[in-house]
1. For Ser581 and Glu275, what does the FRET efficiency come to when R0 = 45 Å and r is the distance between their Cβ atoms, rounded to the nearest 0.05?
2. Using mean Cβ contacts within 10 Å as the protection proxy, how do 440-450, 338-348 order, highest first?
3. Quick one: go through segment 1-42 and flag any residue whose amide nitrogen is under 20 Å from the point 7 Å out along the Cα-to-Cβ line of Ala182.
4. Roughly what % of DSSP beta bridges within the chain run antiparallel, to the nearest 5?
5. State the antiparallel share, in %, of DSSP beta bridges confined to segment 471-535, rounding to the nearest 5.
6. With the full set of protein chains in place, find how many percent of the accessible area of segment 1-70 is carbon and sulfur; take the probe as 1.4 Å.
7. If you average the sequence gap of Cα pairs under 8 Å that are 6 or more apart and divide by the length of segment 225-292, what percent do you get for the contact order?
8. State the extension gain, in nm to one decimal, for the chain segment bounded by Ser412 and Glu220, taking 0.36 nm per residue of separation less the distance between their alpha-carbons.
Amino acid sequence: MSHELTRLRETERWIAWVRLAAVPFAIVEVGVLTSNYPRGYEKWAWATTATLAAGSVLLFFLSRSPAFERAPLRIGFLALLLDTAVVTAFALIYQFEIGSPIRQLFYVLLVEAAVRYGIRGGIIMPAFLISALALTEWWREARFDQPPHGFQADHVVFPWGLLTLTGLIVGWLVDRLRRETATSQEQVEEAERLRDELGRRADVLDAATRCARALSSSLELDEAFEAFIRELRGFVPFDRVAIILEEGGAAQVMAVSGVGAETVFGPGSRQPVGETLLAEVIRMGQPVYRGDMSDARYPEEREFLDLGLHCRVAAPLMQGAHTIGMISVVRREARAFREQEVELVGLLGRLIASAVQNVRAYEAERSTVEELRRLSALRADFVSLVSHELRAPMASVVGSAQTLQQRWRELSPEQRDSFLALIGSETGRLAALVADVLDTSRIEAGTFTYRFDDVDVGALVRDSVAGISLAQDEVNVNANVRGELPRVRGDRNRLQQVLTNLLDNAVKFSPAGAEVSVSVYQENSRVLVDVADHGPGIAKDQQRLIFEKFGRSHMPSSPGKPGTGLGLFIARSIAEAHGGSLEVWSAPERGATFTLSLPVETSIRV
């Protein structure tokens, strides 16, 4: 029921009670207080009283009947007409009493009109009552004026003026009361709406808090998502839910639960973002509500329709202004989500994004800590290794020198030459170790210098192979230069340092009598140098380690192979400074092949 209809009904009921209360007063006035009626007047007085009583009872029940809701204005107007007729009839009847205050009943009609229609009723009713006033004055003058004084106009104009002023005042007060009542009602409704909204917001906040607690329950994304989905089911019922991240242009399903979870876009599945709903969510950056997926606007919706799912809401996972994915909640029935649920899913999307960011930040921090721990261990190993590498040759040099100094005359020429050769060899080892350390420091500081020129890589390989073959005779080293090679732009000495390091490693880790093959050839716009040995090989998980500072592979099949772990780091740094690369292919017990790749200087040929 509208507020206006309620107001009209309450007004009509109140007037009906007043009308019923007037019936006893009329009966007392007609039957008790008045005795000297003119002939026939008492009959008309009782008839008017009976009309008042019958009309009062009828209008009382009408104000409480369903008929009032269908025509409240008509019933109110008829009631006012009845009251006007009854009051006018009493005023005419009781004009026989000289000085009777009967005309004051017209104020009752005025108040009733003002109560019903406000200031309009207060103005219009006096316009009608002036006729009633004139009629009663004429009736008084024609029937009961003894001696005759004639028609008294002031008996009409003065009461009419008072009625008009009273109608204006009462009507204005009624209108103001109605406006204030309407304002109060609006404020009450607004307060109720705000109360309901506050309650709804409190429910949303409580749900979000519980979900946030679930998301923060683990630093593993899979476990956090599982806890979140369990919590979500309690306040946003679903038939299917999925959390999807965008990674490298692909949609990665991180978690899924419900209908078809294992068969359709299961956990860990990937597909191009393309024209999927995820692309739309990323583009808009706000929730997308698909009330009915029957038109299958997005490719994945055909799969959902086959599963009997028809309604879907997807909210972005926002990290700042960047969308990293979405949460998709699906139901079987079309248009099954309420506005509050869509809003809540949007809020949950932001919470999930924060959880993903926190977990990833933790994982990055943990990786950094582990990397720092690993580097610290490598440095400790390096210090221990360098200390050992320095101590051994230094001990040999010091011991040989002291022996020569103390027993020079006692030693034969062959023994002296042997001690001098040992001092020279160990000094060379020390020089190489110091050189590697210095080169590493210069590379890190950016002060490692190069002198670029045109280099014949084939000739450089032959020279390096010849030099390593003269320095040892346990391993056969062969060079194979395939065809005519272009020159490369590079520093010959630095490139020879790379080749020497690769050849030294190949010889060091090859068994006696084995063969080391060096192949040089052109492939597209690059010159490639392959150094292959038949040593113990390098495990897959250690192939990245050997190119890092202080990194050395651990090969139980080749113990006792010393090294600082700096040679390959320096070699790769030199290769990259030439615009090239240094890679390795290897497997345990299958040897290793290191490939040096250098860009071609195509304008110069040998």
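1. E between Ser581 and Glu275, to the nearest 0.05, is 0.75.
2. On the way: 440-450: 12.3, 338-348: 17.5.
Those peptides, ordered most packed to least, come out 338-348, 440-450.
3. 1-12
4. 90 percent
5. If we restrict to bridges inside segment 471-535, about 55 percent are antiparallel.
6. 68 percent
7. Normalised by residue count, the contact order of segment 225-292 is 22 percent.
8. That works out to 61.8 nm of additional length.
The values are calculated or read from the model by the stated rules, or taken from the named source; none is laboratory data. Because the structure is predicted, anything quoted here is derived from the model rather than measured. Here the Cβ is made from the backbone with ideal geometry for all residues, glycine too, and neighbour counts use every protein chain on show. Note: accessible area is taken over every heavy atom of the protein model, side chains too, but ligands, DNA and RNA are not part of it. Shrake-Rupley method; radii C 1.70, N 1.55, O 1.52, S 1.80 Å.
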